Structures are given as C-alpha cells and as structure tokens.
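Report on the structure given below.
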Amino acid sequence: MSPEIYVFLTVAIIAEVVATSALKLSDGFTRPWPLLFTFVGYAISFWFLSLTIRVMPMGIVYAIWSGVGIVFITAVGWLWFGQRLDMPAMVGLSLIVAGVFVVNVFSRTIAH
C-alpha cells in the first residue's frame, strides 16, 4: 500500500478536526465564517476519506478516521476551549488509541 494513502487519511482527519472545531465556534450556525469553515472542512475530509476507502477496507478506514479524530478533537477541546476530562473519559480515550494501534500494527486486514 502506498504511503500517500496515509497522507490522504491524515488530511481527512485534520480537516474533520478543523471542521468540528469550527462547528463549535459557529454558535449554532449563527456565525458565518466558522460555518463556512465547517462546511469546507467536512467536504475536504469526506473527499480525502473517499480516496482512502478506494484502497483500504471501509471499516478499517472509518475506525482509524473516527478514533483518531475523537482523540484530536478532545485535545482541541481541552487546549482551546478549556473542556476538562474526568478519569473515565481519559480511560475511554486511551482504549480508542489502543484500538487504532492494534488495527494498524497487528491486523492483516489493512493490507487487503
């Protein structure tokens, strides 16, 4: 599998995190610039996600995209929006990271 597939997946994840952050800033779709970033970010994310799904199994791509996206958006919420996590939330996020790691390192499904 070519390394560019992982670049596509990374772009999809980053665009989704930007779009979700802008969604928070759009204040219920009442602020136009964050709303524009939301739509454009999700469009870019889904386009690059569709390029990745051409090569990698759909379920694996979605698991990586959503799992890594959840962790990154949680970090953005913590760093920029002051949202704090309790211990169960941190344990749950750690399990998501562990799951993405297991899929990428140990699964042969990703190679098909």
Note to self: Taking the beta-carbon count within 10 Å as an exposure proxy, list ASP86, ASP27 from fewest neighbours to most.
What the structure shows: ASP86, ASP27
Check: Can you give the Kirkwood hydrodynamic radius of the chain from its Cα pairs, in Å with one decimal?
Finding: 14.9 Å
Checklist line | Two-site label geometry, ARG84 and THR109: point separation in nm, points 7 Å out along Cα→Cβ | finding: 3.8 nm
Notebook entry, point to check: Is it possible to state the helix-based mean residue ellipticity at 222 nm for the chain, with each DSSP H run of 4+ residues giving -39500 (n - 2.57), the sum divided by total residues, to the nearest 500 deg cm²/dmol? What is it?
Noted result: -28000 deg cm²/dmol
Margin query: Between VAL40 and TYR62, what's the calculated FRET efficiency when r is the beta-carbon distance and R0 is 25 Å? Round to 0.05.
Written below: 0.75
Margin query: Suppose we look only past 13 Å in the calculated P(r) of region 61-112. What percent of the Cα-Cα pairs does that tail hold?
Written below: 62 percent
Check: Separation between the GLU4 and TRP47 pseudo-spin-labels, each 7 Å from Cα along Cα→Cβ, expressed in nm?
Finding: 1.5 nm
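Computed from the coordinates by the stated procedures, all read-outs in this text should not be read as laboratory data. Just so it is clear, the structure is predicted and the values come from calculations on it, not from any experiment. Backbone-built Cβ (ideal geometry, glycine too); neighbour counts: all protein chains shown.
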